[in-house]
Amino acid sequence: MTLSNKQTALITGASRGLGLALARYLAHHQWQLIINARGEDALQQVETELTRLTEIIAMPGDVTSGTHRRALAHAADSLGGLDAVINNASILGPSPQPHLLDYPLEVLEQVYRVNVVAPLGVLQAVQSTLKPDARILNITSDAGVEDYPGWGGYGSSKAALEQLSAVLAAEKPEWRVYWVDPGDMQTQMHQEAFPDDDISDRPLPEESVPGLIELLSGELPSGRYRAHDVNAMRLAAFQSG
């Protein structure tokens, strides 16, 4: 797959952070986009910005809703199907992050609904619209593989998403399924995770985008990747070639 005209991607959580950075890049390369976020006003601003570049369908709504997921699938069908799905929407949970024995279970259930169940629900809804050699990018975190104190809720939800992605890759070998750690970024969620810290030294989300683009356009097999490592591999291959 190469970045060319008339390819279509669905990006959830596209009104800010990594989702917005990726949407901007793909729009500048003439991908058709279906973009989702819960905040209608913010998503409309993104639509206004990007619609001059390419075909944009902005669909505000909650990906935990089956009705909304079916609407996303209808939009995908109207654009001729999907080349890629980027499951980027997620929630942190409480801020600051509580230890597990103090974690409100009803909040943990919501974190799992958004971070685990909804990505699978999106894929179930749009599966009939996916083109051959479709790319699935499930955005995860190092908290899904590291035992950081205080990150048991969010981290375990991302660990579940990683295992879900691995099994999906085994069940659907005709797709390329990637579970991708974008690294630390200057985002609203990251600031919420560290409410008392200055995060201005963290990289901007745009710095993680090249690794995602390599996964969308290259030939790497399904698997777990760190976005910055993928970009480094791409640069090394370019320099050696």
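The values are calculated or read from the model by the stated rules, or taken from the named source; none is laboratory data. No experiment lies behind these values; they were computed from the predicted model shown. Backbone-built Cβ (ideal geometry, glycine too); neighbour counts: all protein chains shown.
Here LEU82 clears all of (1) modelled with pLDDT under 95; (2) within 25 Å of GLU219 (Cβ to Cβ) except the condition numbered (1). Annotation note: Cβ proximity below 6 Å between a residue of segment 88-112 that is within 14 Å of ALA143 (Cα to Cα) and touching a residue at least 40 places away in the same chain (Cβ under 8 Å) and a residue that is among the acidic types (Asp, Glu) and in a helix (DSSP H, G or I) (sequence gap 6+ or interchain) occurs for LEU92/GLU192. The conditions of being more than 19 Å from ILE86 (Cα to Cα) and among the aliphatic types (A, V, I, L, M) are met by LEU108. Checking the stated criteria, ALA9 turns out to be at pLDDT 95 or above and either within 16 Å of the chain's Cα centre (by Cα) or charged (D, E, K, R) (or both). Taking first residues from segment 202-231 that are within 10 Å of ASP181 (Cα to Cα) and among the basic types (Lys, Arg) and partners that are surrounded by 20 or more Cβ atoms within 10 Å (Cβ to Cβ) and modelled with pLDDT of 95 or more, the Cβ contacts under 6 Å between residues at least 6 apart in sequence or on separate chains come to ARG224/TRP179; ARG226/ASP181. Restricting attention to segment 162-180, the residues being out of contact with any strand residue (DSSP E or B) (no Cβ under 6 Å at 6 or more places or on another chain) and either on the phi > 0 side of the Ramachandran plot or not in a helix (DSSP H, G or I) (or both) number 3. For segment 162-171, filtered to residues that are out of contact with any helix residue (DSSP H, G or I) (no Cβ under 9 Å at 6 or more places or on another chain) and farther than 28 Å from PRO94 by Cα, the residue that is surrounded by the most Cβ atoms within 10 Å (Cβ to Cβ) is ALA169. Need the failing condition index for PRO98 against (1) at pLDDT 95 or above; (2) surrounded by 16 or more Cβ atoms within 10 Å (Cβ to Cβ), just the number. Looking at each condition in turn, PRO98 falls short on (1).
Beta carbons closer than 9 Å, at least 6 apart along the sequence or on distinct chains, pair a first residue in segment 52-70 that is among the hydroxyl-bearing types (Ser, Thr, Tyr) with a second that is part of a strand (DSSP E or B) for THR54/GLN32; THR54/LEU33.
Within this structure, GLY81 fails the test of being among the small types (Gly, Ala, Ser), closer than 24 Å to SER208 by Cα and either free of Cβ contacts under 8 Å to residues at least 24 places away in the same chain or surrounded by 15 or more Cβ atoms within 10 Å (Cβ to Cβ) (or both). Reported count of residues in segment 128-161, each being surrounded by fewer than 17 Cβ atoms within 10 Å (Cβ to Cβ), touching a strand residue (DSSP E or B) at 6+ places or on another chain (Cβ under 9 Å) and not in a loop (DSSP other than H, G, I, E, B), is 3.
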